[in-house]
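The values are calculated or read from the model by the stated rules, or taken from the named source; none is laboratory data. Just so it is clear, the structure is predicted and the values come from calculations on it, not from any experiment. Please note: Cβ atoms are built from the backbone with ideal geometry, for glycine as well, and neighbour counts cover all protein chains shown.
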Amino acid sequence: MLYIGIDLGTSSVKILLMEGDGTVKKIVSREYPLSFPKPGWSEQNPSDWYTQTMDGLKELLQEADKSQVAGISFGGQMHGLVILDKEDNVIRPAILWNDGRTTEECDYLNHTIGTDKLSEYTANIAFAGFTAPKLLWLSKHEPDNFAKIDKIMLPKDYLAYRLTGVHATDVSDASGMLLLDVKNRKWSQEMCDICHISIEQLPELFESYEAIGTLKADVAAELGVSTQVKVAAGAGDNAAAAVATGTVGEGKCNISLGTSGTIFISSDKFRVDDNNALHAFCGANGKYHLMGCMLSAASCNKWWMDEIIGSKDYAKEQEQITKLGENHVFYLPYLMGERSPYNNPDARAAFIGMTMDTTRADMTQAVLEGVAFALRDSFEIAKALGIPLERTKICGGGAKSPLWRTIVANVLGIPVDILETEEGPSLGGAMLAAVACGEYASVEEAASKIVHVIDTVEPTVELTEKYEQCYTKFTKIYPALKEIFPDIK
């Protein structure tokens, strides 16, 4: 049978066709516009997602045996606010995850309601990108639109609704709304009250691998497939990517060195750290995960190379780096503020430790190491919760650098596994569809049979010890600069 995974991203949708054994047959993508109506705002028209997805699906299936298509599922950009009226029409453009208009609402939630209450209700605290602060902003600034709301949805779930007619979401994506009681996998009545909404306005909750319905007749006819094609709930992009990397099961870890950086840690039981430095979310496998998200990862190196050095030859610049663990220059990777573990939008990037003999290579090395050290900040918090972190997988554009992989392995002091296939949320979505259709008994079984490691970077005792000393110094820099950041933004 054939399974389709749809990765609804911020700038484009990536659609993947997978055979039951995990073989990827075809991938297509379609772009759509991103709107910035005011400084710090970020919006999209949900109808563009549907139009471009349907167009991409038609190309994906052009040469396929359409009778073999059994299931569809998703990975998707998280936190976005999509609101529908009683006729299921979109009321206003979606407010996206990277929209920064909710500073006042986050301050209200974290300081007036209190982080202790938020953690009790949702296992998390408020971040500017989350959905609940967007609802508070809407109720204050667009009360007429707020009054029209009949259903509150997330981006990928709007797409699922257009395909099935069902208002649904999955618990992993819902975890990032600040409306879900993560521990008990149900909507939080307390958070609904705080946001002046009802549970009836929220979609029905499913596990990521559960079917929410089948294709509507008109959609199936347009695509030329059966109306029996199952549509599974899917997952938020990071949870779907974790499925695609086999990061399911106690202590499994994956690091993504993309534009932003994430460290994703799967847990069989619910855990939350005392300071809510890590996101505590439901997992796509029916369990849980912790996630540390840094806002600038590979984008730090891109900024340094493109804007400062003025070179596109990333590999050549890294060839000059030969003395790992001995750099006297340090770099804080907070170009866009920071999320995990500090939740500080005022944080800024900084170099420190330069002397007259500092070289260009030292600065480049500091950027790579600074990102690795910042990832370790989240790694240490997870370790303190008792999760057995013995190795990690790595993915994303930055992970293509052998040097950066070596730095990460030795900064964390664990082996770093490299995957045969790296297709991210689209592959994870297809795998979830396969589970929903009974191709695999569980997400764990699908991951064990489809995901393959082809190489491993092993840390060395000598270099790990050197980086241990470097990391100790790194941890002192942010606290020393923290009070300065608000004055220089």
Checklist line | Flag for Lys86 being out of contact with any helix residue (DSSP H, G or I) (no Cβ under 8 Å at 6 or more places or on another chain), more than 24 Å from Ser172 (Cβ to Cβ), at pLDDT 95 or above and surrounded by fewer than 18 Cβ atoms within 10 Å (Cβ to Cβ) | finding: yes
Notebook entry, point to check: Among Leu57, Leu136, which is the only one that is touching a helix residue (DSSP H, G or I) at 6+ places or on another chain (Cβ under 7 Å), closer than 26 Å to Ser198 by Cβ and in the same structural domain as Leu159 (by TED's automatic domain parsing)?
Noted result: Leu136
Notebook entry, point to check: Among the numbered criteria (1) within 23 Å of Met336 (Cβ to Cβ); (2) touching a strand residue (DSSP E or B) at 6+ places or on another chain (Cβ under 8 Å); (3) surrounded by 15 or more Cβ atoms within 10 Å (Cβ to Cβ), which single criterion is violated by Ile27?
Noted result: (1)
Notebook entry, point to check: Among the residues of the range 207-223, is any within 30 Å of Asn110 (Cα to Cα) and in the same structural domain as Tyr121 (by TED's automatic domain parsing)?
Noted result: yes
Checklist line | Selection within the range 213-272 - of a type in the set (Lys, Arg), part of a loop (DSSP other than H, G, I, E, B) and in contact with a strand residue (DSSP E or B) (Cβ under 7 Å, 6 or more places away or on another chain) | finding: Lys252, Lys269, Arg271
Next item on the list: Taking His79 as meeting all but one of (1) assigned to a helix (DSSP H, G or I); (2) within 30 Å of Leu17 (Cα to Cα); (3) in contact with a helix residue (DSSP H, G or I) (Cβ under 9 Å, 6 or more places away or on another chain), write down the number of the exception.
Entry: (1)
Check: In the range 14-25, what residues are out of contact with any Gly (no Cβ under 6 Å at 6 or more places or on another chain) and either in contact (Cβ under 8 Å) with a residue 40 or more places away in the chain or aromatic (Phe, Trp, Tyr) (or both)?
Finding: Lys14, Leu17, Met18, Gly20, Asp21, Gly22, Val24
Checklist line | Cβ pairs under 9 Å, 6+ apart, first in the range 36-60 and at pLDDT 95 or above and outside any loop (DSSP other than H, G, I, E, B), second surrounded by 15 or more Cβ atoms within 10 Å (Cβ to Cβ) and among the aromatic types (Phe, Trp, Tyr) | finding: Gln44/Tyr32; Pro46/Tyr158; Asp48/Tyr32; Trp49/Tyr32; Trp49/Tyr158; Tyr50/Tyr158; Thr51/Tyr32; Gln52/Tyr32
Item checked: Tabulated pairs, the range 168-182, first at pLDDT below 95, second part of a helix (DSSP H, G or I) and not small (Gly, Ala, Ser), C-beta under 8 angstrom, 6+ apart or interchain -> none
Notebook entry, point to check: Out of the range 186-212, which residues are part of a loop (DSSP other than H, G, I, E, B) and touching a strand residue (DSSP E or B) at 6+ places or on another chain (Cβ under 8 Å)?
Noted result: Ser188, Ile197, Leu202, Pro203, Glu207, Ser208, Tyr209, Glu210
Item checked: Leu432 being of a type in the set (A, V, I, L, M), in the same structural domain as Leu389 (by TED's automatic domain parsing) and touching a residue at least 40 places away in the same chain (Cβ under 8 Å) -> no
Note to self: Looking at Ser119 and the list (1) over 30 Å from Met431 (Cβ atoms); (2) free of Cβ contacts under 8 Å to residues at least 40 places away in the same chain; (3) of a type outside the set (A, V, I, L, M, F, W, C), which single condition is not satisfied?
What the structure shows: (2)
Note to self: Checking the condition under 29 Å from Asn344 (Cα atoms), touching a residue at least 24 places away in the same chain (Cβ under 8 Å) and surrounded by 16 or more Cβ atoms within 10 Å (Cβ to Cβ), which residue from Val408, Val457 passes?
What the structure shows: Val408
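Yes/no per residue for (1) at pLDDT below 95; (2) crowded, with 23+ Cβ neighbours inside 10 Å; (3) among the aromatic types (Phe, Trp, Tyr); (4) in a helix (DSSP H, G or I):
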residue: Asn275; (1), (2), (3), (4): yes, no, no, no
residue: Ser296; (1), (2), (3), (4): yes, yes, no, no
residue: Gly325; (1), (2), (3), (4): no, no, no, no
residue: His328; (1), (2), (3), (4): no, no, no, no
residue: Ser340; (1), (2), (3), (4): yes, yes, no, no
residue: Met354; (1), (2), (3), (4): no, no, no, no
residue: Asp362; (1), (2), (3), (4): no, no, no, yes
residue: Glu369; (1), (2), (3), (4): no, yes, no, yes
Notebook entry, point to check: What tally of residues in the range 213-251 results from selecting those that are of a type in the set (Lys, Arg) and surrounded by 24 or more Cβ atoms within 10 Å (Cβ to Cβ)?
Noted result: 0
Check: Residues that are surrounded by fewer than 23 Cβ atoms within 10 Å (Cβ to Cβ) and more than 21 Å from the chain's Cα centre (by Cα): which helices (runs of 4 or more DSSP H) entirely in the range 99-180 hold 1 or more of them?
Finding: 103-107, 115-122, 131-141, 143-147, 155-164
Checklist line | Among (1) surrounded by fewer than 18 Cβ atoms within 10 Å (Cβ to Cβ); (2) within 30 Å of Val24 (Cβ to Cβ); (3) touching a helix residue (DSSP H, G or I) at 6+ places or on another chain (Cβ under 7 Å), the one test that Tyr440 misses | finding: (1)
Notebook entry, point to check: With Lys473, Lys449 as the choices, which residue is in the same structural domain as Ala399 (by TED's automatic domain parsing) and surrounded by 13 or more Cβ atoms within 10 Å (Cβ to Cβ)?
Noted result: Lys473
Notebook entry, point to check: Going by the structure shown, is Asn89 of a type outside the set (Gly, Ala, Ser) and in contact with a strand residue (DSSP E or B) (Cβ under 8 Å, 6 or more places away or on another chain)?
Noted result: no
Notebook entry, point to check: Could you list, in sequence order, the residues of the range 126-164 that are among the acidic types (Asp, Glu) and touching a residue at least 12 places away in the same chain (Cβ under 8 Å)?
Noted result: Glu142, Asp150, Asp157
